[in-house]
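The values are calculated or read from the model by the stated rules, or taken from the named source; none is laboratory data. Predicted model only: the values in this text are computed from it and were never measured. With ideal geometry, Cβ positions are generated from the backbone for all residues, glycine too; neighbour counts draw on all protein chains shown. Quick note on the areas: whole protein, heavy atoms, side chains included, nothing else; ligands and nucleic acids left out. Shrake-Rupley method; radii C 1.70, N 1.55, O 1.52, S 1.80 Å.
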Amino acid sequence: MMRGLALADWLVNTTSRALGAHVSRRGFIAKTTMVGTAVAATGCAVVTQPGPPFQRITDCRGGLCRDGYTEFCCVINQGVNACPPGSIASGWWRADYSVYCDGTRYYIDCNDFSGYAPCGCAAGCDTRKVYCNHFRYGQCNQWVGGTGVIACRMVTCVPPYALDIGCGGSSAVDNATAGHNADCAAYTPPAPPPPPPKPLIPTPLAPSLGGAVSLANGTVDVFVRGSDGAIHQQSFDGANWAAGWLSLGGSVKSTISAISPAAGEIELVVRADDRSAAVQRFTAGAGSTTWESLGGTFTSSVVAATRGSVVHVVGRGTDNAMYTRRWNGSTWSPWEWLGGSNSTDPVLALFGTKLYLLARHFDGGIWQNVYTGSWSGWNPLGGWLTSDLTVAVTPTEIHVFARAEDTIAYTRHNAGPGYTNWEGIGGLGLNSDPVAVADGAEVSLFGRAGDQSLWHVRRQGPGWGPWESLSLEVTSDPVAVSDGIRLWVFAQGTDDSVQYTQIEAGVWSGSWTPVPGLLTAAPVSSYP
């Protein structure tokens, strides 16, 4: 390994001397810690052989087109400060002591992957070149390979890792670019927009039929969206089910977030048919309140979680940003904008004293925002995923799951210091969102296969067991909850009945039982 590092150092020094004035920024960055990524992304031959592309610029004996730098994207992208079609953000650097952006400016390389654009001046000798330089810093969209030359560069006053364009926080600096500008590059450039979303594999079936919560060992309350659009509740007291389903009213257009903020209390949060958030809370033995509107306009389900004695509610707005309110036991805070360019329902989970908000963004990756008294801002967890995500929290770890393009479920987990790498849970292709639940220190994951049957895999200790069929064709994602003794799984069968099965001490009950009283759950396949 030490020999490999010595060779890399020799390559860096040799490369930086050879390229000289033509690629002074490249020589600079090659001597930083990003060299490993840059060499790995482009290959030694490309980095050290600028030859033919540069030689094509023969009609300019001087001018900006020969200074070694790439032109701003707005020059070739109809004035728009964004990566042009056929390219993607691939790396960035910072320039300090600039007359723009209050002193610090950020530049983002857009690397081409179309392979068709010729190397040349952007618009004459007094503009810099485009589609010539072979280089990739590598801090952006690292899961996307096969990129070619740098098409152009975006410019922004906002750090690239704070934008939703797939960039990480590893920094490079080149102050020589601090004064670069173009006629179409504003003195205070706007943040570049995210790249257009890649077509995703659809989830053809309806989402979860409802929610469930356990108030005490052996008890469970399950909530279902009925054919009338209202919420209906059934309760198991440890020995028997209630005589029938209880209607809680409402007109619901989403899945149901059911939480227990305090002993004996249940809080339901939904998106109503007018796209606002609504909440209903009740205490065991004291009955429920009426539905209370929290306002807002949402394009996703609205979810809730408790941190201490405070209830947090989050939903995705019409601008694809997340919005949140907090209930302190007596009053609600105003809606707060959390930003992000989100393409899925949010997920909220408490791990230790931290509240994790996660969603898939339009770059296909999972991003998280962590609350510890204030929000951290969005940070990427990577991946290229095609489903809503799900989270399970054990006493020692938080596990994140989603389905990828190959239809396999992938997971990362965090025991406190940071996340592991993405790990595929192979052996079964899913055509639905995965659903995860913690049962003590163990984690169960559920999903539907191509025959619409429900499958399950369990993590016990350091590894995953095999996928096993639960022998039920379903028309919705399941709802799962642990009551401290056993794990309950509810699903809607093809006859529209709500059925359940259980696992206790690692053993399934072996059969599905209808919850007393037949109820047709109205599926919701989208959130207009």
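Quick notes
- Residue that is most open to solvent (accessible area, probe 1.4 Å), among those in segment 349-364 that are assigned to a strand (DSSP E or B) and touching a residue at least 60 places away in the same chain (Cβ under 8 Å): PHE351
- For segment 288-331, the tally of residues that are open to solvent by 40 Å² or more (accessible area, probe 1.4 Å) and in a loop (DSSP other than H, G, I, E, B) stands at 13.
- Evaluation of CYS83 against (1) of a type in the set (A, V, I, L, M, F, W, C); (2) crowded, with 23+ Cβ neighbours inside 10 Å; (3) closer than 17 Å to ASP183 by Cα (one fails), failing number: (3)
- Within segment 86-114, considering residues that are acidic (Asp, Glu) and buried (at least 20 other Cβ atoms within 10 Å of the Cβ), the one farthest from the chain's Cα centre (by Cα): ASP112
- Verdict on THR127 being touching a residue at least 60 places away in the same chain (Cβ under 8 Å) and open to solvent by 20 Å² or more (accessible area, probe 1.4 Å): yes
- Restricting the first member to segment 403-424 and to residues that are without any contact (Cβ under 8 Å) to a residue 12 or more places away in the chain, and the second to residues that are of a type in the set (Lys, Arg), the beta-carbon pairs closer than 9 Å and six or more apart or on different chains are THR420/ARG412; ASN421/ARG412.
- Residues that are of a type outside the set (Val, Ile, Thr) and surrounded by 18 or more Cβ atoms within 10 Å (Cβ to Cβ), drawn from segment 471-485: LEU472, SER476, ASP477, PRO478, ALA480, SER482, ASP483
- Of the strands (runs of 3 or more DSSP E) that lie entirely inside segment 365-466, those containing 3 or more residues that are open to solvent by less than 40 Å² (accessible area, probe 1.4 Å) span 366-371, 390-393, 398-403, 409-414, 435-439, 442-448, 453-460.
- In this structure, ASP273 does not satisfy being free of Cβ contacts under 8 Å to residues at least 12 places away in the same chain and surrounded by fewer than 16 Cβ atoms within 10 Å (Cβ to Cβ).
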